[in-house]
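*Asks:* One structure is given below, represented as structure tokens, and several questions about it will come after.
Values in this text are rule-based calculations from the coordinates and carry no lab data. Since we're looking at a predicted model, the values are computed, not measured. FYI the Cβ positions are ideal-geometry reconstructions off the backbone, even for glycines, and counts take in every protein chain you see.
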Amino acid sequence: MLLGYDTAALANEGFAVYAPQRMRLQAALQAAQHASAHVDDAEPSSPHPWHVITNRSTTLATLRSIGATANTAAEAPQSAHTPAYLGFFSDDTANGDRRESPDAPGTDQL
């Protein structure tokens, strides 16, 4: 893990925002460029587990139901590498409306 980042946001939901120091980023990019010259893998994989952050209760429930490591931005483990989260939707995870899945009985159907 070149930069130590292991948390991402989902497309069309928000951004996980990182701000590495310039020298650290440059060193990581050079190391990645050097390493990629020796890799012949059409589908590279990461030996490090990834975490997803969201501010939508249905997304959180769905991700957890398939075994993904997912948290709200407030629940994400805090470290020097924890990103800021810029969500595209209002946070509905803190208001007690934690649905078990998008199709769970009793959920509002739009």
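*Asks:* Once you place label points 7 Å from the Cα toward the Cβ at Ala68 and Ala32, how far apart are they in nm?
*Replies:* Result: 2.1 nm between the two label points.
*Asks:* Per-residue counts of other Cβ atoms within 10 Å, averaged by peptide: what ranking do you get for 18-24, 4-10, 58-64, 71-77, highest first? If you can, show how the numbers build up before the last one.
*Replies:* Details: 18-24: 10.3, 4-10: 17.0, 58-64: 19.1, 71-77: 15.3.
Per-residue Cβ counts within 10 Å, averaged per peptide and sorted highest first, yield 58-64, 4-10, 71-77, 18-24.
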